[in-house]
Structures are given as C-alpha cells and as structure tokens.
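The values are calculated or read from the model by the stated rules, or taken from the named source; none is laboratory data. None of these values were measured; they are calculated from a predicted model. So basically every Cβ, Gly included, is an ideal-geometry build from the backbone, and we count neighbours across all protein chains shown. Heavy atoms of the whole protein, side chains included, go into the accessibility calculation; ligands, DNA and RNA do not. Shrake-Rupley method; radii C 1.70, N 1.55, O 1.52, S 1.80 Å.
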Amino acid sequence: PEDTVTSSFASFIRAARPEHLSPTVRQRSKRMILDSIGVGLVGSTTRVFDIALRYCRLYSSVAVSSVYGKPGVKLSPTLAAFTNGVATHSMDFDDTWHPATHPSGAILPALLAASQMLPPNTKPNGLDFLLAFNVGLEVQGRLMHFSTEAHDIPKRFHPPSVVGTLGSAAATAKLLSLSSAQCCHALGIAASLAGAPMANAATQAKPLHVGNATRLGLEAALLAGRGMEANPLILDDIPGCSGFSAFYSVYQPKPLSAPGEHHEFLLEKQDIAFKRFPAHLGMHWVVDAALSVRNLFINYAGSFSPSLIRTIMLRIPVSKYINRPFPSSEHQARHSFQFNACAALLDGEVGLGSFSESSIHRQELRELLDKVVVEHPEDNVANFDKMYGEVALLLHSGDVLTGKCDTFYGHWRKPLSKESLLKKFRSNASHVLPEEKIEAIITLVDNLENLSDSSQL
C-alpha cells in the first residue's frame with residue numbers, strides 16, 4: 001500500500017544516504033558505537049554472558065561472526081548478535097535515550113555480525129555501517145514518539161525488546177540493501193518477534209531482552225531478504241486489528257518523512273545519556289545526590305560517620321521495579337535506589353566493584369539500608385527527562401543535610417566530555433584487551449567513515 005505509516009518507514013530505510021547524516025549526527029553516533037563496544041567488552045566478563053555463550057556454542061555450525069572479549073571464538077551471525085547483545089546489557093551499563101530505551105545494544109551487534117557474514121566482495125564500508133546504525137536509531141526513536149506512555153519509566157514491557165527489535169531489523173535491512181517492500185516486511189516480521197515483560201528486570205533474564213532484540217531484528221531482515229512477507233500495515237493504527245499498537249494503550253503513529261533537507265534525525269535534536277557506572281539509569285540521579293550530601297556531611301562532621309545519621313530520606317519517583325529496599329543479588333542492586341544511594345554514601349563512589357557479592361552483603365551497608373525511608377513527591381515524576389533524585393540525612397543532632405540532582409553528569413542535557421567517554425571506554429575494554437588494541441579501536445571508530453571494510457571493526 002502507498003502512503004501508509006509503514007510504507008513511509010520502509011521508504012525512509014531504503015532512501016537514506018550518507019549525505020543525510022549531519023556532522024553532529026555522525027559524531028554522536030560514533031560516540032555511541034565506541035561506548036557500546038566498551039560496555040560489551042567488559043560485559044563479556046559476566047556470568048550471564050558465559051551462560052549465553054555456552055548456549056550459543058551448541059549451534060555454531062556456521063561460525064563466521066566474532067564474540068566480544070573472546071579472541072578466536074566465532075558463532076553464526078544471529079547467535080553472535082545475541083551473545084554480544086547480552087554482553088552489552090549484562091551490567092546495565094549501556095546508553096539510554098528518551099523516550100526510554102537502550103538504542104545501541106539493540107542494533108550494533110547485529111550490524112557487526114552481518115558485516116562479517118557478507119561475502120568479501122559485498123562488504124559494506126564504514127560509511128554504510130554508520131548510516132545503517134543511524135537508520136536503526138531513527139526508527140527506534142520515531143516509534144517511541146508514537147505513544148505518550150513511552151515517555152515514562154516503563155511498567156509493562158522493556159522497551160528495547162520492542163522498539164530495539166524493529167530498530168535492529170531496520171538497520172540490518174539497510175546494511176543488506178533490501179528493497180522498500182522487503183524493508184516493510186522486515187519491520188512486520190520483527191514485530192512478531194518483539195516483547196519482554198518488565199517482571200524480569202533485575203534478573204539475569206533482563207540482558208536477554210537486548211540480546212534477543214538485536215538477534216531477532218537481524219533474523220527478521222534475513223527472512224525478509226529471502227522472501228518472507230508480513231502485514232504491510234504493521235505500524236499503522238488499524239481499528240480492530242492491532243499491529244505495533246498492541247504494545248501501547250495509546251498509539252498515534254505518524255508517517256516518517258523522506259530523508260533529505262526537510263528531515264532532521266532525532267539524534268540531531270537530542271543527545272544520548274551515557275552511564276558513568278553500571279546500573280539502571282534512574283540510579284544516576286540518586287548517586288549524584290548522595291555524593292553531594294556526603295560532601296556536606298564530611299564538611300559538617302570531618303568524616304563520614306554513619307553513627308551520626310538517624311534517617312536517610314530518599315525522595316524519588318514512583319517506579320516499583322527500581323524501588324528495592326534490600327537487594328540480594330548484583331542485578332537487584334543495579335535496580336535499587338536504596339542500594340545505590342547507600343553505596344555512594346559509604347564509599348564516595350559507585351563502580352564495577354560496588355555490585356560484587358562481597359560489596360552487596362557488607363554489614364555496614366546493611367546498616368545504612370536499615371535507615372532508609374522513601375518519599376515520592378508529587379512533582380517527581382517517573383520520566384527520565386523530568387525526574388530528580390534527592391537524598392536527605394536526618395542526624396541525631398536534629399540537623400538535616402540535603403543533596404539534590406535534577407541532571408546527572410552523562411545525561412543528554414549534560415553530556416559526558418570526550419575525555420570522560422574515552423576514559424570509560426579504556427577502563428571497560430582493558431578488562432579483556434591489551435592497550436594497543438584498545439587504542440586501535442578508538443582510532444577505527446573515530447575514522448569510521450574512511451573504513452573500506454566495516455567487518456574490520
């Protein structure tokens with residue numbers, strides 16, 4: 001069908017050209033690629049990654065695509081995408097956009113795997129790769145804007161398992177040069193493969209959401225390229241027959257304008273949030289607030305002395321799955337306002353080591369958690385663009401010290417500097433790669449447009 005929302009998306013995927021990417025979009029997306037690779041590399045050291053890798057090696061008969069952090073190990077393209085997607089989200093360390101989703105981890109592993117899958121004479125160059133990456137971002141972002149529900153911290157399903165799957169399909173369809181009709185079918189197929197409930201947040205199953213998104217989007221594009229068809233109105237709002245609207249109670253789709261002088265990529269308008277430590281994005285507000293009040297406390301008392309504290313008051317938005325008073329595992333701790341605030345107060349920082357078993361079960365940390373009381377101010381909404389974190393220490397002396405954060409360092413309103421992003425990448429990658437390879441990746445991504453064969457990445 002002509003002039004439908006779905007056909008407009010398919011036409012956009014097909015028509016996008018490298019010259020449609022502004023310098024800002026190129027620079028921001030390359031930052032995302034570099035950060036995502038680093039997060040995937042350090043994620044390859046986790047237990048959940050090892051489980052996923054062992055599973056995938058059962059099916060590695062066509063092993064052509066590389067795996068993060070495992071030199072010499074290759075899997076089939078779809079399983080490599082899955083495994084690398086799991087690595088990317090294994091620590092909840094990957095980038096976050098608004099409306100809320102994790103965009104890079106859902107598409108980058110698919111593009112890396114597909115680049116290695118293609119025959120030598122058909123390898124996409126670096127500019128083709130960068131364009132496909134941005135097409136996948138754009139599709140995710142536009143889909144998220146179709147519902148007001150998507151603007152708030154999710155309650156029913158994990159967004160990357162839905163929009164990420166379609167973003168992966170779009171990105172891979174672009175990289176594989178599928179026709180407009182095939183792009184349309186790839187989106188339709190991906191919609192039938194999408195979705196994961198929020199109940200699995202804070203468990204080892206949550207990284208599967210991103211792993212499945214990138215894998216299943218790649219599969220959708222491969223199936224469409226081989227002739228499989230799906231509903232050509234999958235993104236349209238058809239009364240009585242839900243397509244993509246099945247995921248949202250309020251759904252108002254709009255056609256995607258053709259790329260060119262009248263189209264502005266969403267990444268041009270809004271930057272990405274890069275995390276400074278491996279935890280749910282909401283934790284970054286309470287950690288910065290806790291560090292702020294910790295400094296006040298040290299100025300007040302000369303040192304951080306928990307015995308002087310009667311109550312730790314957290315003023316946070318209502319969001320059930322990240323309100324966890326006493327987390328007992330690393331994944332629960334990464335999704336606990338209480339844990340991250342107390343860890344920041346106790347240690348003066350939150351990092352990779354904060355989520356180790358020994359750190360989580362410290363007696364002094366438990367004693368701080370016992371003092372936490374939560375409030376939900378009406379003006380503190382569960383929305384990554386509007387929320388704030390506030391930590392107040394009520395002392396036995398009667399004094400009250402308060403720290404508040406409404407925009408943490410790394411938020412799209414307060415982006416990480418180039419130096420901070422490189423420091424994060426080098427730290428993450430150093431867990432599995434020697435220094436010379438780390439610097440080579442930095443150079444490769446920085447000059448991605450000039451790369452003749454993107455599979456080198």
If each of Thr407 and Ser356 carries a label point 7 Å out from its Cα toward its Cβ, how far apart are those two points in nm? 3.6 nm
Identify the residues of segment 146-183 with backbone N under 17 Å of a label point that sits 7 angstrom from the Cα of Val64 along the Cα-to-Cβ direction, or state none. 172-178
On a 0 to 90 degree scale, rounded to 10, what angle separates helix 435-446 from the longest Cα axis of the chain? 60 degrees
Which residue, Ile316, Leu346, Leu187, has the largest displacement toward the positive end of the dipole of the chain when charges sit on each Cβ (Lys, Arg +1; Asp, Glu -1)? Leu346
In the neighborhood of Asn125, defined by Cβ-to-Cβ distances under 10 Å, what is the net charge if each Lys or Arg adds +1 and each Asp or Glu adds -1? -2
Between 0 and 90 degrees, rounded to the nearest ten: what's the tilt of helix 5-15 against the longest Cα principal axis of the chain? 80 degrees
For the chain, what does -39500 (n - 2.57) per DSSP helix run (n ≥ 4), summed and divided by total residues, give at 222 nm, in deg cm²/dmol to the nearest 500? -14000 deg cm²/dmol
Carbon plus sulfur, as percent of the 1.4 Å-probe accessible area of the chain, comes to 50 percent
Two-decimal Rg to Rh for segment 249-371 - Kirkwood Rh, Cα set: 1.15
Check: segment 310-457 dipole with +1 on Lys, Arg Cβ and -1 on Asp, Glu Cβ, in debye: 320 debye
Theoretical FRET efficiency, 1/(1+(r/R0)^6), r = Cβ-Cβ of Asn450 and Asp399, R0 41 Å, to 0.05: 0.10
Which value in Å does the Kirkwood hydrodynamic radius of segment 325-441 take, with 1/r averaged over all unlike C-alpha pairs and then inverted? 16.8 Å
Euclidean distance of C-alpha centroids, segment 144-160 and segment 60-96, integer Å: 26 Å
Take the alpha carbon atoms of the chain, find their radius of gyration, then divide it by 2.2 N^0.38 Å using N residues; give the quotient. 0.98
Test item: Cα-centred dipole of the chain, Lys/Arg +1 and Asp/Glu -1 on Cβ, debye: 780 debye
Loop-only check: which chymotrypsin sites (Phe, Trp or Tyr not before Pro) in segment 345-443 are DSSP coil with at most 15 other Cβ within 10 angstrom? Tyr409
Might you tell me the accessible area per residue for the chain, computed with a 1.4 Å probe and given in Å²? 39 Å²
Determine the sum of side-chain charges near Phe277: Lys and Arg each +1, Asp and Glu each -1, restricted to other residues whose C-beta is under 14 angstrom from that of Phe277. -3
Could you compute the net charge surrounding Phe265? Neighbours are other residues with a C-beta less than 15 Å from the C-beta of Phe265; K and R count +1, D and E count -1. +2
Check each of the trypsin sites (Lys or Arg not before Pro) in segment 145-215 and keep only those in coil by DSSP with at most 14 other C-beta atoms within 10 angstrom; list them in order. Lys155, Arg156
